[in-house]
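Colleague: The structure follows.
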Amino acid sequence: MAEQYNGVDAEAFKEEVLSKYPAKLAKKRAKQFVINKIEDGDKVPEILANTRTTPGILTMRGCSYAGCKGVVLGPTRDILQITHGPIGCGFYSWLTRRNQTRPETLESTNFMPYAMSTDLQEDEIIFGGEKKLKAAIDEAVALFHPKAIGIFSTCPVGLIGDDVHAVAREMEAKYPDINIFGFSCEGYKGVSQSAGHHVANNKVFTDVVGLDDTPKPGKFRFNILGEYNIGGDAFELERISELCGVTLHSTFSGNSNYQEFISAHTADLNTVMCHRSINYLAEMMEKKFGIPWFKVNFVGAESTAKSFRKIAAFFGDPGLISQTEKVIEEEMAKVNAVREAIKARCEGKTVALFVGGSRAHHYQDLFREIGMEVIAAGYEFAHRDDYEGRKVLPGIVVDADSRNIEELSVEKDASRYKPRKSPEEMERMKAAGFKFDDYDGMMPEMKEGTLVIDDLNHYEMDKLIETYHPDLICAGIKEKYVVQKLGIPLKQLHSYDYMGPFAGFEGAINFYKEIDRLVHSTVFGLTKAPWESSPELSASYGWNA
Ligand code: CFM
C-alpha cells in the first residue's frame with residue numbers, strides 16, 4: 001500500500017481533487033498528478049509534462065520571453081539587452097529574480113541596472129515596430145558602445161510580424177564591431193518559459209560561443225551551465241572553486257560577461273546545474289567542440305561535496321583531489337555544527353515544493369539534511385526527463401508545440417573539435433561508474449507514496465494544504481500570499497525572498513537557519529481573524545428595518 005503522510009491516503013486525495021474537474025480535464029490532469037512508485041532500475045511512473053495548460057486554470061507558469069530574456073540571458077552583465085515590446089515586459093523581467101553580478105572594476109561595463117525597451121505603442125502595433133527598434137539600437141550604440149546587443153521579442157512583435165533577425169543583420173552591417181542578434185522568444189512560443197530556454201540556447205550557441213579561442217589561464221578549467229546567481233549563489237560556487245583549485249571559466253549565466261561566453265568552448269568540462277534550462281547548450285558544445293558534460297548539484301551540502309569531488313575526479317590530478325577533500329572536510333565541519341542543532345528541531349516536519357524546472361528537485365536535498373519530509377513536489381514546466389530521468393528521452397513524443405522551436409543540427413567543428421579524454425579513458429571512467437550526459441531526474445529520489453504534480457494550480461494547492469497541512473511550502477511570489485493567508489509559511493525558491501546564497505556550503509547554512517525560523521515562527525498561527533472563531537457582531541441586511 002502506498003505510504004500515507006499525515007494520515008492521508010494519496011489515491012483518495014487525487015480522486016477528490018480530480019472529481020471537481022470536467023471529465024476531459026480530469027482525464028488530462030490525472031496523467032499530470034502521479035503517486036510516486038519506484039521499481040527496479042529506478043523505474044518510476046510516467047508523468048505527462050510540457051504540455052499546454054488548459055485555459056481558465058490559474059497556472060504557476062511564465063512565458064517564453066521570460067525563459068529567454070529573464071532567465072538565460074538576463075544575468076549576464078555586458079550584453080546590452082533590448083526588449084522589443086510593450087514596456088511592462090521589460091520592466092517586470094528586470095532584476096525581480098534577484099540575479100546578482102559583480103563587475104571586475106567600478107568602471108567595467110554593467111548594463112544590469114538598466115531596463116531597455118522599445119516601449120511599443122499603438123502606432124507601432126498598427127504600422128510596424130522595426131523603425132523604432134533600429135532607432136533604439138542607434139541610441140544604445142551612441143550612449144553605451146556595447147560589444148554585443150541582444151534583441152528580445154515579446155508577443156506583439158510576433159503578432160505584427162516584425163523581423164528582429166533582419167533588423168539585427170542590418171544593424172550589424174552598420175556597426176560591424178558589434179555582435180547584434182535577435183531572439184524569436186515571443187511569449188506565446190511554446191507552452192511555458194521552457195521554450196524560451198531552448199530559443200536562448202540556440203542563439204547563444206550559433207552567435208556567441210566560439211568567437212574567441214583565447215582560454216582563461218588555469219590548469220583545470222570548467223564551466224557551470226545553468227547557474228544564474230540568484231541571491232549570490234554563483235559567488236559561493238566561485239569561492240569553493242577557488243579554494244579547491246579549479247578554474248571556473250564561464251558560468252551560464254550568473255555573474256558572467258561576454259568575453260567568458262565567447263571563449264567558453266576552450267574549457268575542458270561542462271558541468272550542468274539546471275538541466276532543464278540549458279541541457280541543449282551542453283549537448284551542442286559536446287558535439288561541436290568535444291567538451292564532455294555531466295550533471296552536478298550545488299544545492300545541499302552533501303550534493304555540493306559530491307559534485308566538487310566529481311569535478312576533481314574528472315581532471316584526475318592527485319593534488320587537486322586531495323585539496324578538494326581538504327576543503328570539503330573544513331566546510332562540512334562548519335555546516336554540521338549548524339545542521340545538527342537545526343535538525344533536532346526540524347526533524348519530521350513536512351514540506352511541499354512546486355518550483356520551475358529544477359529547484360523542486362534540488363532543494364529536496366537541503367530538507368533531507370535537516371530531517372524534513374518532502375510530501376509533494378512538482379515542476380511548473382519541466383519535461384519528462386527532469387521527472388523520470390534522461391533514460392526516457394527516446395520515448396518522449398515530440399508534439400506540435402515543441403516542434404515550433406528549432407532543433408539545430410550540429411556538426412563537429414573542422415579545426416576546433418578536440419575530445420578532452422581519449423575514447424579508452426572515457427570507457428574506463430564509465431566502467432568505474434562515472435556518469436556522463438546523464439540526469440536521473442526527481443522522482444527516483446522521492447519516497448514512494450509522495451505526490452508528484454506537474455503544473456500545479458491554485459485550486460490544487462488549496463486542496464493540498466487543506467488535506468495535508470504541510471509545515472512549509474516552497475514556491476514563488478504568485479503563491480506566497482495566498483498560502484500564507486492560509487496560515488502556512490512559504491519560502492520563495494525563485495528569488496529567495498530577500499536572502500541568499502543558498503547554494504554551496506555557506507548557502508546550506510543560510511538555508512537551514514531560514515527554514516528553522518520559518519517553521520517555528522508563531523506568526524502564521526495568527527492568520528485567522530478573532531471574529532472568525534468567535535463572532536462578536538452579527539448583522540443582517542433588511543429593508544425598512
Ligand atoms: Fe533552471 Fe532556474 Fe529553475 Fe529555470 Fe525559472 Fe529560476 Fe526556477 Mo524561477 S533556470 S528551471 S526558468 S533553476 S527563474 S533560476 S527559480 S522558475 S526552478
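Colleague: Being open to solvent by 50 Å² or more (accessible area, probe 1.4 Å), hydrophobic (A, V, I, L, M, F, W, C) and part of a helix (DSSP H, G or I) is the filter here, so list the residues in segment 499-545 that pass it.
Modeller: Val523, Leu526, Trp531
Colleague: Taking the options Arg420, Arg384, name whichever one is touching an Asp or Glu at 6+ places or on another chain (Cβ under 6 Å) and either open to solvent by 70 Å² or more (accessible area, probe 1.4 Å) or of a type in the set (Lys, Arg) (or both). Write out each step before concluding.
Modeller: On the way: Arg384 fails: touching an Asp or Glu at 6+ places or on another chain (Cβ under 6 Å).
Among Arg420, Arg384, only Arg420 is touching an Asp or Glu at 6+ places or on another chain (Cβ under 6 Å) and either open to solvent by 70 Å² or more (accessible area, probe 1.4 Å) or of a type in the set (Lys, Arg) (or both).
Colleague: Okay, next question. Residues to consider are Glu411, Glu407; find the one that is in contact with a helix residue (DSSP H, G or I) (Cβ under 9 Å, 6 or more places away or on another chain), without any contact (Cβ under 8 Å) to a residue 60 or more places away in the chain, under 21 Å from Met284 (Cβ atoms) and away from the ligand (no atom under 16 Å from the Cβ).
Modeller: Glu407 is the lone residue from the list that is in contact with a helix residue (DSSP H, G or I) (Cβ under 9 Å, 6 or more places away or on another chain), without any contact (Cβ under 8 Å) to a residue 60 or more places away in the chain, under 21 Å from Met284 (Cβ atoms) and away from the ligand (no atom under 16 Å from the Cβ).
Colleague: Taking the condition of being in contact with a strand residue (DSSP E or B) (Cβ under 7 Å, 6 or more places away or on another chain) and open to solvent by 10 Å² or more (accessible area, probe 1.4 Å), how many residues in segment 282-298 meet it?
Modeller: Qualifying residue count for the region: 2.
Colleague: I'm trying to understand the selection: among the residues of segment 160-171, which are in a helix (DSSP H, G or I) and surrounded by 17 or more Cβ atoms within 10 Å (Cβ to Cβ)?
Modeller: Listed by number, the residues that qualify are Val164, Val167, Ala168, Met171.
Colleague: Test Lys349 against the criterion of being under 19 Å from Val519 (Cβ atoms), within 27 Å of the chain's Cα centre (by Cα) and more than 16 Å from the ligand (Cβ to nearest atom), and give yes or no.
Modeller: yes
Colleague: Are any residues in segment 362-379 open to solvent by 10 Å² or more (accessible area, probe 1.4 Å) and within 16 Å of the ligand (Cβ to nearest atom), and if so, which ones?
Modeller: Asp365, Val374
Colleague: Only residues that are outside any loop (DSSP other than H, G, I, E, B) and within 16 Å of the ligand (Cβ to nearest atom): list them for segment 33-74, please.
Modeller: Within segment 33-74, Thr59, Ser64, Tyr65, Ala66, Gly67, Cys68, Lys69, Gly70, Val71, Val72, Leu73 meet the criteria.
Colleague: Let me ask you something else. Working only within segment 231-267, note down all residues that are of a type outside the set (Gly, Ala, Ser), surrounded by 23 or more Cβ atoms within 10 Å (Cβ to Cβ) and within 16 Å of the ligand (Cβ to nearest atom).
Modeller: Asp233, Glu236, Leu237, Thr251, Phe252, Asn255
Colleague: Residues in segment 65-80 that are over 14 Å from the mean Cα position of the chain (by Cα) and over 17 Å from Asp162 (Cβ atoms): how many? I'd like the intermediate steps shown before the answer.
Modeller: First, the residues of segment 65-80 that are over 14 Å from the mean Cα position of the chain (by Cα): 65, 76-80.
Filter once more, keeping what is over 17 Å from Asp162 (Cβ atoms): 76-80.
Looking only at that region, the number is 5.
Colleague: Count, please, the residues in segment 131-147 that happen to be closer than 16 Å to Glu170 by Cα and crowded, with 20+ Cβ neighbours inside 10 Å.
Modeller: Selection size over segment 131-147: 4.
Colleague: Another question, if that's okay. Between residues in segment 187-211 that are acidic (Asp, Glu) and residues that are away from the ligand (no atom under 13 Å from the Cβ), which pairs lie under 7 Å by C-beta distance while being six or more apart or on different chains?
Modeller: From residues that are acidic (Asp, Glu), the pairs are Asp207/Asn179; Asp207/Phe181.
Colleague: Considering each residue of segment 190-212, count those that are surrounded by fewer than 24 Cβ atoms within 10 Å (Cβ to Cβ) and touching a helix residue (DSSP H, G or I) at 6+ places or on another chain (Cβ under 6 Å), and give that number.
Modeller: Number satisfying all stated conditions: 7.
Colleague: Restricting attention to segment 268-281, which residues are open to solvent by less than 10 Å² (accessible area, probe 1.4 Å) and either within 13 Å of the ligand (Cβ to nearest atom) or among the β-branched types (Val, Ile, Thr) (or both)?
Modeller: Correct list: Thr271, Val272, His275, Arg276, Ser277, Ile278, Leu281.
Colleague: To continue, here is another question. Out of segment 469-478, which residues are more than 12 Å from the ligand (Cβ to nearest atom), over 18 Å from Gly300 (Cβ atoms) and open to solvent by less than 10 Å² (accessible area, probe 1.4 Å)?
Modeller: Scanning segment 469-478 gives Pro470, Ile473.
Colleague: Can you tell which of Lys463, Lys412, Lys435, Lys430 is charged (D, E, K, R), out of contact with any Asp or Glu (no Cβ under 9 Å at 6 or more places or on another chain) and part of a helix (DSSP H, G or I)?
Modeller: Selected residue: Lys430, the only one of Lys463, Lys412, Lys435, Lys430 that is charged (D, E, K, R), out of contact with any Asp or Glu (no Cβ under 9 Å at 6 or more places or on another chain) and part of a helix (DSSP H, G or I).
Colleague: Can you find a residue that is out of contact with any Ser or Thr (no Cβ under 8 Å at 6 or more places or on another chain), in contact (Cβ under 8 Å) with a residue 40 or more places away in the chain and either of a type in the set (Gly, Ala, Ser) or surrounded by 19 or more Cβ atoms within 10 Å (Cβ to Cβ) (or both) anywhere in segment 53-69?
Modeller: Taking segment 53-69 and keeping what is out of contact with any Ser or Thr (no Cβ under 8 Å at 6 or more places or on another chain), we get 54-58, 60, 68.
The next check asks that each one be in contact (Cβ under 8 Å) with a residue 40 or more places away in the chain; those that pass are 57-58, 60, 68.
Still in the running and either of a type in the set (Gly, Ala, Ser) or surrounded by 19 or more Cβ atoms within 10 Å (Cβ to Cβ) (or both): 60, 68.
Yes, the conditions are met somewhere in segment 53-69.
Colleague: Of these, Lys189, Lys288, which one is away from the ligand (no atom under 16 Å from the Cβ) and touching a Gly at 6+ places or on another chain (Cβ under 8 Å)?
Modeller: After ruling out the rest, the residue left standing is Lys288.
Colleague: Of the conditions (1) in contact with a Ser or Thr (Cβ under 7 Å, 6 or more places away or on another chain); (2) within 16 Å of the ligand (Cβ to nearest atom); (3) part of a helix (DSSP H, G or I), Ile311 satisfies every one except a single condition; which number is it?
Modeller: That leaves (2) as the condition not met.
Colleague: If Thr96 satisfies every condition in (1) of a type in the set (Ser, Thr, Tyr); (2) within 16 Å of the ligand (Cβ to nearest atom); (3) open to solvent by less than 80 Å² (accessible area, probe 1.4 Å) but one, which is the exception?
Modeller: Status for Thr96: all satisfied but (3).
Colleague: Within segment 207-215, is even one residue part of a helix (DSSP H, G or I) and away from the ligand (no atom under 16 Å from the Cβ)?
Modeller: Checked against the condition, which is being part of a helix (DSSP H, G or I) and away from the ligand (no atom under 16 Å from the Cβ), segment 207-215 yields at least one hit.
The values are calculated or read from the model by the stated rules, or taken from the named source; none is laboratory data. Owing to the predicted nature of the structure, the values given are computational and were not obtained by experimental measurement. Note that each Cβ is placed from the backbone with ideal geometry, even for glycine, and that neighbours are counted across all protein chains shown. Remember, those area values only see protein heavy atoms, side chains included, never the ligands or the DNA or RNA. Shrake-Rupley method; radii C 1.70, N 1.55, O 1.52, S 1.80 Å.
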